[in-house]
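Here's the structure we're looking at; comments come further down.
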Amino acid sequence: MAPRTIKVDALVVGGGIAGMQSALDLADQGYQVALVEKQPSIGGKMIELSKVFPTLDCCSCITTPKMSAVAHNSNIQLFTYCDIQSVDKQGDGRFVAQVIQKPRYVDIETCTACRQCEYACPIDLPHPFDQNLGVHRAIYVPFSTAVPQKALIDIDNCILCGKCERVCPVGCVDFTQQPEELAIEATAIVLATGFEITPTDAKAEYGGGKLLNVVNALTVERLLAPTGPYGHVLRPSDGKEPDSIAYIQCAGSRDKSLGVEYCSRICCMYAIKQSMLISGALPLADIAIYYMDIRTFGKGYDQFYQTAKAMGVQFIKGKVAKITEDENQNPIVRVELIDEGSQVVERQHDMVVLSVGMVSKYDPRTIYDVNVAGDGFVDTPLTNVSPCVTSRPGVFVSGSAAGPMDIVDSIVMAGAAAAEAAAYIQATGPNGHGGGRSIAAGEEKELAHA
Amino acid sequence: MGQESNAGEPKVLILATLSGGYAGADSVGQAHAEYATNTYILPVVCPAMFPEEFYIESFERGIDAILVMFSGTDCPYKGGAERTAQIINKVYPMMKERGIDTRRLRLVAICTVCTKPFLKEVTQVNELLDEIGHVAAEIAAGPSVQAPAS
Amino acid sequence: MPEKHDSKAAAKAKSSPKEEEVRIGAYTCYCGGNISDVVYCEKVAEALAKLPNVVVSRTDMSMCSDAGQAKIEEDIREHGVNRVVVGACAPSLHEQTFRGTVQRAGLNPFFYHHVGLREQDSWVHHDRVAATKKAIRLMSAGIAKARLLEPLEHIRLSAEKHALVIGGGIAGLRAARDISRRGLKVTLIERSPFLGGHMAQLESIFPTEEDARTVLHGLIEEVAADPNITLYTSSELTGVRGYVGDYQVQITQQSRGVDEDVAEEAMAACTLEVPDDYNYGLTQRKVIYKAYPGCYPPTPAVDWKNIPDGKLELKMNGKKIKLENKPKTIDVKVGAIVIATGFTPYEPRKGEYGYGELPEVVTMPQFIRLLAMAPKGEELVINEKPVRNIGFIHCVGSRQIDDVHEPQPDGEVNNYCSRVCCTATLHLANDLRHRFPDLNIFDVYEDIRTYGRGHEDYYIEASENRVVFLRFHGEEPPEVVASPDDDVSPVQIKLKDYLTWGEEVEVPADLIVLAVGIMPNPVDDLINLLKVSPGTDRFLLEVHPKLRPVETAVPGIVLAGTAQGPMTIQESCAAASAAAAKVSVLLSQGLVELEPYVARVDLDLCKGSGECVEVCAYEDAITLESMTIGGKEVKRAVVSPANCAGCGACVSACPNRAIDLQGWTLGQYQSMIEAIVAEIPAVEIES
């Protein structure tokens, strides 16, 4: 059977904040957009965060309206839980992406996210959304604000007991679902494929991921989130409230030994932000940040840094050589204190947070045929005046797929990518002027009320 | 159980902003957290639209407590939070004049995932109502009898 | 006040336009058991059927399913239902769905009200009887509101498919091109006689090592050749009226001064000289000038800013010629405005790090020009003096601290990071190292912020390539003094170096370059004209850094580039393209559509007290206007829906209750509260 074909003006790859914003900025111009997301829900890394710098807005309050806007936009077709296999250019200059929609084993049309299945399921699995501190069932709605709000089955861990199927009030559980092939035709492609954080085991000197009380910053985001696994900041080894917390900056960035010589841009600000939030949650805790350079370069960021200093967060210029632990699993940090004559000392903390960096999560060359730069992210050959243009005409890049950047910069770049893609569609669309839903001069399109 | 009058149950009106408290109440639902059933949540754009008399009239109609769950400093409207606070502050003396315990009206900031603060507010207001009972009795008695301390 | 089309129509579409019978359809959703497992939905439906105006009361396993929606459509078509209330999941999930349903069946989509029975009832209560009673009350309240629902229309304003871009630097150029590439018209205005802004004053740019003017001219050529873009140089915005979609702007343009055919000759003949701003005042140029060789437009212009009376005489070919500035005004209608007014480098105070007192102290922008003019050779020679030791000082005019640094005239220190200076400094240091291998380079810094893509490479290269780094603490900035021993070097930098024990060091220097920060170009006139707001850092303020990062609080006015904050060239271009996307979203449809939830005035009740105008936080959203009512000249409040945010502050302020918020009226709330406190209809609820 020939795969179902979806024809759009633009294909946006990735449903994190950058992809959502690019999709919205294209759809709101009247273009038809297909948004393809690998995970079962859109929201990306951002939806996992607690609060965001420098405004300390509740992150959910910023992200969920965008997710909902994507879901309700009549010009956006959302494809979650999908893998893109290949992207080729057709004779007419349009791209065609071969996509596999993975089976959820739940009928997405009828599921109402009532969670009866979750209550019935006997299997508990570590929840990646909570950095594996919390659990989900083998059948589960990805998280409370997931879009779409639909369950899926982790079939590898399902014991096929059928309890979910029996309890489901609308009969949406379907163990016979097969992967579905889709073909998405688009004039332009926006890559918003994001980043991965430095793997926990990347650096043996920092415990290689084996020290229980040495955690990455994304874990702390979950500890701080109101929807987090403990609802409180507790250290993992014994559930104790930590009295002394240390942040190790550049744990995965500016580090030749890891092959990551670049700065990840976000770590200084998130460490400062988390310090402020922990100060609120645990007023008596001492927080130290070991850093090389504090890089609070964005709008309002240096002021944020000064506020944290005034709140009593300690900033210690020092290079952390090694982290070990004592018999009570308290981390011991071996550090060269630059401001104190470069003496080397060992300091004990209750919990250590690695300010891990941003790394490229895949090789975009194989599927998208775009060049990558030395940092592994998508190359932007005209980076100064056209920062979203890639080496392949018609393919544009949005957000941290083009290297580390924070949410603010990602959102701005997402708008820029939408502008580039729109201009490309306008110039090369099927009618020679403006793609499938071009708006001719003087024509006033009636907007749907939705 | 047959039909029964609900008059005995004090009623809590929750005016919740779409960008804050109302979405927060939905989050509480998502979390399946339980709270008392005498709570009636109405969505509002910004509570700055309600004049002082609106609150008094609501009490006179038989609403026993009002929680205004707004977005606080995250209010998407210019001056909305300040204006709301000003109005609420003017309602308190009007409540005193009528013998209404001022603790029956509270302005609280609730965000979209503020489940715990939401539950705390609902619990507290019901503890208060257990203690002070229906507003109708206060209004009937008038200010001379009831002189709220707060 | 300009005439607001649609506003009058919207004002007329007020309560109950025709006295039709209200026929309400009430629908209680089972939500596949999510609601019905707790709430006795059939009992709810039974109770609601007893309420006045309710002609249909139904339940469904899933109202949002196609079958559920079809029921509603059928009831509207077959049973004359004209108001619909659905009790189901949260309105954020399906309110839009059901608005669509009623609209498909021919009703106004605002004849719909959604009640959240799942998240706010069945999911938070276990007592089935109490939850059922609550559901009845919540639905009754919804029905009470439905009785008072009014048909509303989205506010549609026709939009000029034309944008104004203010500023002809890299951000303005980028924005203009990207708006034009979407098929919209652009008017681009630039204050100076030439395009390019500060980028034209740079040489090699990071991180690509491209030539700044080559890159810039690529974009300028695109703009110059673009038939959609109308360019006005020597021009400023001097007037603006209207609102999003329909701004009437007035541009005032100074004369170019000389006719194109004789301009070159006139420039040659001109003898009056002024400091050359292209070289930051380090050199002189004529008042008839080209900004730099190859500038655009290529025709020389008269620098009227330096000729206060607007009159210039010169002798050309033995003839006396009189030139005169005759400013003209141009009126344009645009739908949106992009502010790309850019930055100005921080100008240190006289004496700040020796600036203005010691000739060996220059700012980095000045140094870039000096270096471009320096003789080629093995040795760095600046102002005819050989330079063996050069010192860079970071964070001059940035990251300032109260009580350590002197405030700016407005009383505030520049407490922000200027973002570009660290990489710019190291980029320059590496360039010097390549060209002058024997030069001693000292870099005095607080934190090295080479954050951007490819930026860290400059730091690594400098560290490996004999650039000597010294680090100060922000509270103890370095000092620049004349050297006591002029034989070693004319000046020195004194600091406590925290890379070596906090030791006091004296760095000898023949030249000191201050890595000055970025300040917004002063645009007070624009701020007043456009009613946009600056932040405490004086840069223009966006609505929200994440939700609406390039929009100002004024609809239709967006920001591009360093007017908003320090940015690199790349970041300015990204912001400009994002601004262009926003403009395209607004204007490409030819109309701007706004939510109908705005204030409206009942002229029968309005007494013209003006309280609403007083309390309104939105410019021109509500005004007092003179009108004739019953033969009398009176003042009455008039709402401009295009400017109204719909917050309702005016509703509470009005002493006569003459203002209400469409879609959320006070009367609707009162009726909902009455329904909540009312006895519920008698039904048997099982336990």
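Structure above, values below:
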| item | result |
| --- | --- |
| Enumeration of residues in segment A:163-211 that are of a type in the set (Ser, Thr, Tyr) and in a helix (DSSP H, G or I) | A:Tyr206 |
| Residues that are within 26 Å of C:Arg147 (Cα to Cα) and not in a loop (DSSP other than H, G, I, E, B), drawn from segment C:26-45 | C:Ala26, C:Tyr27, C:Thr28, C:Cys29, C:Cys31, C:Cys41, C:Glu42, C:Lys43, C:Val44, C:Ala45 |
| Which numbered condition A:Leu160 misses (of (1) part of a strand (DSSP E or B); (2) surrounded by fewer than 17 Cβ atoms within 10 Å (Cβ to Cβ)) | (1) |
| Residue tally, condition modelled with pLDDT under 90 and within 14 Å of B:Ala25 (Cβ to Cβ), over segment B:111-148 | 6 |
| Segment B:27-38 residues that are facing another protein chain (nearest Cβ under 7 Å) and modelled with pLDDT of 95 or more, paired with ones that are in a loop (DSSP other than H, G, I, E, B) and surrounded by fewer than 23 Cβ atoms within 10 Å (Cβ to Cβ) (beta carbon under 9 Å, 6 or more apart) | B:Tyr35/C:His125; B:Thr37/B:Glu9; B:Thr37/C:His125; B:Thr37/C:Asp127 |
| Failed criterion for C:Lys607 (all others in (1) within 9 Å of chain B (Cβ to nearest Cβ); (2) surrounded by fewer than 22 Cβ atoms within 10 Å (Cβ to Cβ) hold) | (1) |
| Options C:Val115, C:Val102: the member that is crowded, with 22+ Cβ neighbours inside 10 Å, within 12 Å of another protein chain (Cβ to nearest Cβ) and assigned to a helix (DSSP H, G or I) | C:Val102 |
| Residues of segment A:263-286 that turn out to be touching a helix residue (DSSP H, G or I) at 6+ places or on another chain (Cβ under 9 Å), aliphatic (A, V, I, L, M) and in a loop (DSSP other than H, G, I, E, B), as a count | 2 |
| Qualifying residue in segment A:293-308 (condition: in a strand (DSSP E or B) and either within 12 Å of chain C (Cβ to nearest Cβ) or buried (at least 16 other Cβ atoms within 10 Å of the Cβ) (or both)) | no |
| Failed condition for C:Val129, given (1) more than 8 Å from every other protein chain (Cβ to nearest Cβ); (2) assigned to a helix (DSSP H, G or I) | (1) |
| Selection count where residues are outside any strand (DSSP E or B), more than 8 Å from chain A (Cβ to nearest Cβ) and at pLDDT 90 or above, scope segment C:542-565 | 7 |
| Cross-chain or 6+ apart pairs with Cβ under 9 Å, segment C:217-241 first and over 25 Å from C:Val532 (Cα atoms), then among the aromatic types (Phe, Trp, Tyr) and crowded, with 17+ Cβ neighbours inside 10 Å | C:His217/C:Tyr296; C:Ile220/C:Tyr296; C:Glu221/C:Tyr296; C:Val223/C:Tyr296; C:Ala224/C:Tyr296 |
| Qualifying residue in segment A:37-59 (condition: under 23 Å from A:Cys111 (Cβ atoms), within 12 Å of another protein chain (Cβ to nearest Cβ) and buried (at least 22 other Cβ atoms within 10 Å of the Cβ)) | yes |
| Residues of segment C:481-518 that turn out to be among the aromatic types (Phe, Trp, Tyr) and buried (at least 19 other Cβ atoms within 10 Å of the Cβ), as a count | 1 |
| Hits in segment A:223-244 - residues which are part of a loop (DSSP other than H, G, I, E, B), within 14 Å of chain B (Cβ to nearest Cβ) and in contact (Cβ under 8 Å) with a residue 24 or more places away in the chain | A:Ala225, A:Pro226, A:Thr227, A:Gly228, A:Pro229, A:Tyr230, A:His232 |
| Tally, over segment C:156-169, of residues that are of a type in the set (A, V, I, L, M) and more than 17 Å from the chain's Cα centre (by Cα) | 2 |
| The lone exception for C:Lys134 - which of (1) outside any helix (DSSP H, G or I); (2) of a type in the set (D, E, K, R); (3) touching an Asp or Glu at 6+ places or on another chain (Cβ under 7 Å) it fails | (1) |
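Here's the yes/no breakdown for (1) touching a Gly at 6+ places or on another chain (Cβ under 6 Å); (2) modelled with pLDDT of 90 or more; (3) buried (at least 20 other Cβ atoms within 10 Å of the Cβ):
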{"residue": "C:Ala621", "(1), (2), (3)": "no, yes, yes"}
{"residue": "C:Asn643", "(1), (2), (3)": "no, no, yes"}
{"residue": "C:Gly646", "(1), (2), (3)": "no, yes, yes"}
{"residue": "C:Cys650", "(1), (2), (3)": "no, yes, yes"}
{"residue": "C:Asn656", "(1), (2), (3)": "no, yes, no"}
{"residue": "C:Gln670", "(1), (2), (3)": "no, yes, no"}
{"residue": "C:Pro681", "(1), (2), (3)": "no, no, no"}
{"residue": "C:Glu686", "(1), (2), (3)": "no, no, no"}
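Condition check ((1) buried (at least 24 other Cβ atoms within 10 Å of the Cβ); (2) of a type outside the set (Lys, Arg); (3) free of Cβ contacts under 8 Å to residues at least 40 places away in the same chain; (4) on the phi > 0 side of the Ramachandran plot) across all residues:
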residue: A:Gln314; (1), (2), (3), (4): no, yes, yes, no
residue: A:Asn330; (1), (2), (3), (4): no, yes, no, no
residue: A:Val359; (1), (2), (3), (4): no, yes, no, no
residue: A:Pro381; (1), (2), (3), (4): no, yes, yes, no
residue: A:Gly394; (1), (2), (3), (4): no, yes, no, yes
residue: A:Val397; (1), (2), (3), (4): yes, yes, no, no
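The values are calculated or read from the model by the stated rules, or taken from the named source; none is laboratory data. Note that the structure is predicted; figures quoted are calculated from it, not measured. Note: ideal-geometry Cβ built from the backbone for every residue, glycine included; neighbour counts use all protein chains shown.
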